[in-house]
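Participant: So that we are looking at the same thing, I have put the structure below in structure tokens.
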Amino acid sequence: MERRILLIVLDGLGDRANPSLRYRTPLQVARTPNMDALASRGSCGLMDPIAPGVRAGSDTSHLAFLGYEPYEVYPGRGSFEALGMGMELKPGDVAFRCNFATVDENLVVKDRRAGRIKEGTAELARAVSGIEVDGIKFIVKEGVEHRAGLIMRGEGVSERVSDVDPHEEGVRVNKPRPLEPGAERAADALWEFLLRAHEILKEHPVNLEREERGLPPANFLLPRGPGRAPDLQPFGEKWDLKAAAIAGVPLIKGICRFLGMEVIEDPRFTGGVDTDMVAKFSTAVPLLERYDFVMVNIKATDIAGHDGNPEMKVKLIERADEAIGETLMDLSDVVLVITADHSTPCTVRDHSGDPVPIMIISEDVRRDECTAFDEISVARGTLRIRGTDLMPTLMNLSNRAEKFGA
Ligand code: ZN
Ligand code: ZN
């Protein structure tokens, strides 16, 4: 019979030998009786999110293990950064990363970051978002500090326009030029939008007040690094699965929404180290009555890796293990997967290309020799896969795969 699939992603879980943990990994050191018990009931192993040694971003790795060939479908950071800012992206949209910058009356860049403006950018973004030029709509959303996202939507948009950001101060902003035939309309509309936005921004109360206080006004949007959102087959259609996702961070929620998955929202799903893991898992389990596939992302472990804090990572792993013990030990007719999207070693403070531990548990999944869930013990297990192998593997184990041949 067909089984449902529950995929738990402990973000950035994988690690390396840490000197302050006597050269063991946080996952080796953490007390994880529940994950170890699960490991002894299934198949364990290692997964290369993209390929051996490739340092995956959270976006490229999630795309890969959800079954999309990342080198074919990843359009560059621009559009995925827009997702990370919580912007809704549609296939065909062109997204830019932007700075709020300060220009003078001749459009000469005085400060590329508007004094690293910290407050008021939400109001500024709202004031210029939604402007339409020649049938092309421009959507703006604030990011952290001086950063923002800009989406160009509609017939005739193009990512083949030259950079507006001169990448230095004391020179005029660049008027965008088309980089290929057909991109003229997009380049013209972008320039017209930026000039109109400038008129609005320079008179905006947030900027008038900044000038009164002697601070550089955020009076120009400097877009760069455009990327076009790919036209991907929705996840549910691709695998014939009704799918839902639970995540806290905007990037993961954005990717799941972009792939047509139902994203379940709850104020307890924060995407920080304070996230309520029990709430996430106990929300996921009953969802399996209505959905064939549920993914849960826990960001906290990745944060500890970026902070270079192995003790915190150990504690967060132990919290995850307790939450798993409370909610996921006795699922029936479910293929349960626990893995990571990439390694975030505390010694590196960023993502590395080390493979991640993975375990797959279900009634009749082969039980291998592995009885503990950590990067070293799982190597005694039977799995050695790449991210793009995960969905076919799960389709098989959930008895949903189509036979190839007679
Ligand atoms: Zn990640
Ligand atoms: Zn990360």
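The values are calculated or read from the model by the stated rules, or taken from the named source; none is laboratory data. Everything quoted here is computed from the prediction, not taken from an experiment. Here the Cβ is made from the backbone with ideal geometry for all residues, glycine too, and neighbour counts use every protein chain on show. The area values use the complete protein model at the heavy-atom level, side chains included, leaving out ligands, DNA and RNA. Shrake-Rupley method; radii C 1.70, N 1.55, O 1.52, S 1.80 Å.
Participant: 222 nm [θ] for the chain, helices only, -39500 (n - 2.57) per DSSP H run of 4+, per residue, to 500?
Facilitator: Numbers: 14 runs with 124 residues, N = 406.
The helix contribution divided over the chain gives -8500 deg cm²/dmol.
Participant: How far apart, in nm, are the 7 Å Cα→Cβ label points at Glu203 and Arg224?
Facilitator: Simple spin-label model gives 3.1 nm for this pair.
Participant: Heads up, I need the accessible area for Leu215: 1.4 angstrom probe, whole protein in place, Å², nearest 10.
Facilitator: Ignoring ligands and nucleic acids, Leu215 comes out at about 60 Å².
Participant: Give me the net charge of Asp374's neighbourhood, meaning all other residues with Cβ under 10 Å from the Cβ of Asp374; Lys, Arg count +1, Asp, Glu -1.
Facilitator: Details: positive: Arg24; negative: Asp15, Asp36, Glu375.
Around Asp374, the charge tally is -2.
Participant: Nearest-5 percent of antiparallel DSSP beta bridges in the chain?
Facilitator: 60
Participant: Show me, for the range 32-39, the HN-Hα J-couplings you get by feeding each phi into the Karplus relation (A = 6.51, B = -1.76, C = 1.60, θ = phi - 60°), rounded to Hz, glycine and proline as x.
Facilitator: 10, x, 6, 5, 5, 4, 5, 4
Participant: Need one value: the accessible area of Leu251 in square angstrom, 1.4 angstrom probe, rounded to the nearest 10.
Facilitator: 40
Participant: A follow-up question, please. Rounded to the nearest 0.05, what FRET efficiency is calculated for Thr347 and Ala379 with R0 set to 25 Å and r the Cβ-Cβ distance?
Facilitator: On the way: r = 20 Å, r/R0 = 0.79.
It comes out at approximately 0.80.
Participant: I need the phi-derived Karplus couplings for the range 339-349: 6.51 cos²θ - 1.76 cosθ + 1.60, θ = phi - 60°, integer Hz, Gly and Pro marked x.
Facilitator: Each residue of the range 339-349 in turn: 7, 10, 8, 5, 8, 10, x, 4, 6, 9, 6 Hz.
Participant: Residue separation times 0.36 nm, minus the C-alpha to C-alpha distance between Leu215 and Asp274: what's the value? Don't skip to the answer; put the middle values down first.
Facilitator: Values: separation 59, 0.36 × 59 = 21.24 nm, distance 3.50 nm.
Full extension from Leu215 to Asp274 adds 17.7 nm.
Participant: Right, something else. Label points 7 Å out from Cα along the Cβ direction at Asp104 and Arg41: separation in nm?
Facilitator: About 7.1 nm, to one decimal.
Participant: Which of the lysines could a cross-linker bridge to Lys403, judged by Cα under 28 Å and excluding same-chain residues fewer than eight apart?
Facilitator: Of all the lysines, those that pass the test against Lys403 - Cα under 28 Å, at least 8 places apart if same chain - are Lys238, Lys242.
Participant: What accessible area per residue comes out for the chain, rounded to a whole number of Å², with a 1.4 Å probe?
Facilitator: On the way: 17130 Å² over 406 residues.
About 42 Å² of surface per residue is accessible.
Participant: Subtract the Cα-Cα distance of Ala51 and Asp389 from 0.36 nm times their separation in residues, and report this length gain in nm to one decimal.
Facilitator: Details: separation 338, 0.36 × 338 = 121.68 nm, distance 1.08 nm.
Value of the extension gain: 120.6 nm.
Participant: Another question, if that's okay. I need the shape label for the range 257-406. Rule: rounded when a/c is under 1.5, else prolate if a/b > b/c, else oblate, with a, b, c from the alpha carbon gyration tensor.
Facilitator: Details: a/c = 1.63, a/b = 1.24, b/c = 1.32.
Oblate.
Participant: Classify the chain as rounded, prolate or oblate, taking a ≥ b ≥ c as the square roots of the eigenvalues of its Cα gyration tensor: rounded when a/c is under 1.5, otherwise prolate if a/b is larger than b/c and oblate if not. Provide the component values of the computation, followed by the final result.
Facilitator: On the way: a/c = 2.41, a/b = 1.82, b/c = 1.32.
Since a/c reaches 1.5 and a/b is larger than b/c, the shape of the chain is classed as prolate.
Participant: Moving on to the next point. Given a Förster distance of 22 Å, report the FRET efficiency between Glu326 and Glu262 from their Cβ-Cβ distance, rounded to the nearest 0.05.
Facilitator: Working: r = 24 Å, r/R0 = 1.10.
The value I calculate is 0.35.
Participant: Please list 3J(HN,Hα) in residue order for the range 240-249, calculated via the Karplus relation 6.51 cos²θ - 1.76 cosθ + 1.60 where θ = phi - 60°; whole Hz, with x for glycine and proline.
Facilitator: Working through the residues one at a time gives 6, 10, 7, 10, 10, 9, 10, 7, x, 7 Hz.
Participant: Okay, moving on. Please list, in chain and number order, the residues 5+ apart from Ala245 or on another chain whose amide H is under 5 Å from its amide H, with Hs placed from the backbone.
Facilitator: Distant-sequence amide H within range of Ala245: Glu262, Val263, Ile264, Met295.
Participant: Same structure, new question: For Lys141, which lysines qualify as cross-link partners when the Cα separation must be under 19 Å and same-chain residues fewer than eight apart are set aside?
Facilitator: Straight-distance partners of Lys141: Lys90, Lys118, Lys202, Lys253.
Participant: Sticking with this one: Which cysteines does the chain leave without a neighbouring Cys Cβ under 4.7 Å?
Facilitator: Those would be Cys98, Cys256, Cys346, since no other cysteine Cβ in the chain comes under 4.7 Å of theirs.
Participant: Which one, Thr32, Leu10, Gly45, is farthest towards the positive end of the dipole of the range 1-48 when Lys and Arg carry +1 and Asp and Glu -1 on their Cβ?
Facilitator: Thr32
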